1. Taking 0.36 nm per residue of separation and subtracting the Cα-Cα distance, what length does fully extending residue 20 through residue 58 add?
2. Can you order the peptides 22-31, 59-68 by their average number of other Cβ atoms within 10 Å per residue, highest first?
């Protein structure tokens with residue numbers, strides 16, 4: 001779910017309990033990163049931390065050079 005609904009002009013929580021480890025995808029379908037944690041005082045706002053995918057790819061390729069990961073496309 002997007003944190004801001006452009007049709008209703010209202011804010012919504014971006015993530016919930018148990019979402020850690022979920023893939024975060026942009027509107028264009030590309031992987032942005034992995035959700036690592038979140039916190040928020042209400043059901044309408046929150047703060048979500050995301051580990052960038054490009055950083056994860058770099059670390060995984062160093063540890064497992066023959067692994068298959070989705071390609072990162074730079075614009």
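All of the numbers you see were taken from the coordinates with simple rules; none came from a lab. All figures in this text were calculated on a predicted structure; none of them were measured in a lab. FYI the Cβ positions are ideal-geometry reconstructions off the backbone, even for glycines, and counts take in every protein chain you see.
1. Numbers: separation 38, 0.36 × 38 = 13.68 nm, distance 2.03 nm.
Fully extending the segment from residue 20 to residue 58 adds 11.7 nm.
2. Packing order, densest peptide first, comes out as 22-31, 59-68.
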